[in-house]
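The values are calculated or read from the model by the stated rules, or taken from the named source; none is laboratory data. Because the structure is predicted, anything quoted here is derived from the model rather than measured. Methodologically, a virtual Cβ is constructed for each residue, glycine included, from the backbone with ideal geometry; neighbour enumeration extends over all protein chains shown. Accessible surface is based on the protein model in full, side chains and every heavy atom, while ligands, DNA and RNA are left aside. Shrake-Rupley method; radii C 1.70, N 1.55, O 1.52, S 1.80 Å.
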Amino acid sequence: MDNMKRRMAAIDVGSNSVRLMVAEIGENDAIAPVSKELVMTRIYEGLARTGKLSTVAVDRTLDAINILKDKARQAGAASLYCFATAAVREAKNRDEFLARVRKETGMLIDVLNEDEEARVGFIGTQEQGPRGALDIGGGSTEIAIGVGHDVHCSVSLRLGAVRALEKYPLGDIADGLALEAMRQWVSHVFLTEGAGARECAAKLEDIRWTGIGEIGRAHV
C-alpha cells in the first residue's frame, strides 16, 4: 500500500441491514472505496408494534457487527467507525442495545439524529452544483438539499421499506388494496412531513437528485 494512503472503515447499523465500507484515504483526503459488505438483519422488525428492538433482531445484528468488524480488520483498516440510524434512534431500549454492542463486540456506536443522517447521505453523493439526496432506508427516509458541501435544508420522514411492510403486510403475493393503502400513506407522509423540503427545492434551479438505497444509487 502507498505510504501516503491509509485505510479506514465504517459500519452502518441500519433498520434493514448492517453495512460495511472499507476505503483508502489518499492525498487531499480523497476517498476510494476498497470493499463493501452487507448483512441483512432487519433490526426494525417488530419495532412499530412494541417500540422496542426484539432480542432475536438484536442477536442477528450483533452477529453481523462482529462479522463485519473482523472483515474490516482483515482488509487492513486502521480505524473503524460505527453508527446507527432510525431503528436504534427510535427504540425505547436503545441504551440496553448499545450496552450489549459494547460488551459483545467492543464497538461504540454513534446514534445519528435525523439531521446528521440526512447530511451524511447528502455528502456521500459527491455531486457538484445544486443537488438533492433522497435516502430511502428501512425505517426512515431522509431528504437533504443544498449546493456543493452546504446543506440548505434537511428533513427525516418516518417512512421506510421495513416500516411500510410492518404497517401494510403484503405477503408472498401483493394484495392490490394493501398496495393502494401503502401508496396513499406514502403520499400523505411526503405531503405533510416533506413540505419544508419542497419549499427549499423550489428556491434552487436545475437540481440534480440522487436516490440512495442498499443496492446502489439511481440518478434522476
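Tabulated results
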item: Residue ID - most open to solvent (accessible area, probe 1.4 Å), chosen from residues in the range 147-174 that are of a type in the set (D, E, K, R) and in a loop (DSSP other than H, G, I, E, B); result: Asp172
item: Long-range neighbours under 8 Å by Cβ, at least six apart or interchain, first residue on the phi > 0 side of the Ramachandran plot within the range 92-106, second at pLDDT 95 or above; result: Gly106/Lys69
item: Residue, farthest from Gly160 (Cα to Cα), within the range 3-45, restricted to residues that are in contact with a helix residue (DSSP H, G or I) (Cβ under 7 Å, 6 or more places away or on another chain) and among the hydroxyl-bearing types (Ser, Thr, Tyr); result: Thr41
item: Filter result for the condition that a residue is open to solvent by less than 20 Å² (accessible area, probe 1.4 Å) and either charged (D, E, K, R) or assigned to a loop (DSSP other than H, G, I, E, B) (or both), over Ala118, Ala72, Ala77; result: Ala77
item: Residue count, the range 45-57 (criterion: open to solvent by 10 Å² or more (accessible area, probe 1.4 Å), part of a helix (DSSP H, G or I) and at pLDDT 95 or above); result: 2
item: Condition met for Val111 (open to solvent by 30 Å² or more (accessible area, probe 1.4 Å), touching a residue at least 24 places away in the same chain (Cβ under 8 Å) and closer than 25 Å to Thr50 by Cβ); result: no
item: Some residue of the range 37-44 being over 15 Å from Gly137 (Cα atoms) and without any contact (Cβ under 8 Å) to a residue 60 or more places away in the chain; result: yes
item: Close pairs (7 angstrom Cβ cut-off, 6 or more residues apart or separate chains): basic (Lys, Arg) in the range 127-143, at pLDDT 95 or above and open to solvent by less than 10 Å² (accessible area, probe 1.4 Å) anywhere; result: none
item: Number of the exception - Ala144 against (1) in contact with a strand residue (DSSP E or B) (Cβ under 6 Å, 6 or more places away or on another chain); (2) at pLDDT below 90; (3) open to solvent by less than 30 Å² (accessible area, probe 1.4 Å); result: (2)
item: Options Glu117, Glu166: the member that is in contact with an Asp or Glu (Cβ under 7 Å, 6 or more places away or on another chain) and either under 24 Å from Thr61 (Cβ atoms) or of a type in the set (Ser, Thr, Tyr) (or both); result: Glu117
item: Close pairs from the range 200-220: first modelled with pLDDT of 85 or more, partner part of a loop (DSSP other than H, G, I, E, B), Cβ under 7 Å, at least 6 apart; result: Ala201/Ile207; Arg208/Glu127; Arg208/Gly129; Trp209/Val220; Thr210/Glu127; Gly211/Val220
item: Of residues in the range 64-91 being of a type in the set (D, E, K, R) and free of Cβ contacts under 8 Å to residues at least 12 places away in the same chain, the one farthest from Thr41 (Cα to Cα); result: Arg73
item: Hits in the range 1-44 - residues which are open to solvent by 70 Å² or more (accessible area, probe 1.4 Å) and either in a loop (DSSP other than H, G, I, E, B) or over 30 Å from Leu159 (Cβ atoms) (or both); result: Met1, Asp2, Asn3, Met4, Lys5, Arg6, Met8, Glu27, Asn28, Asp29, Arg42
item: Matching residues in the range 91-108 - criterion: being more than 18 Å from the chain's Cα centre (by Cα) and either closer than 23 Å to Asp29 by Cα or open to solvent by 30 Å² or more (accessible area, probe 1.4 Å) (or both); result: Lys92, Asp95, Glu96, Ala99, Arg100, Arg102, Lys103, Glu104, Gly106
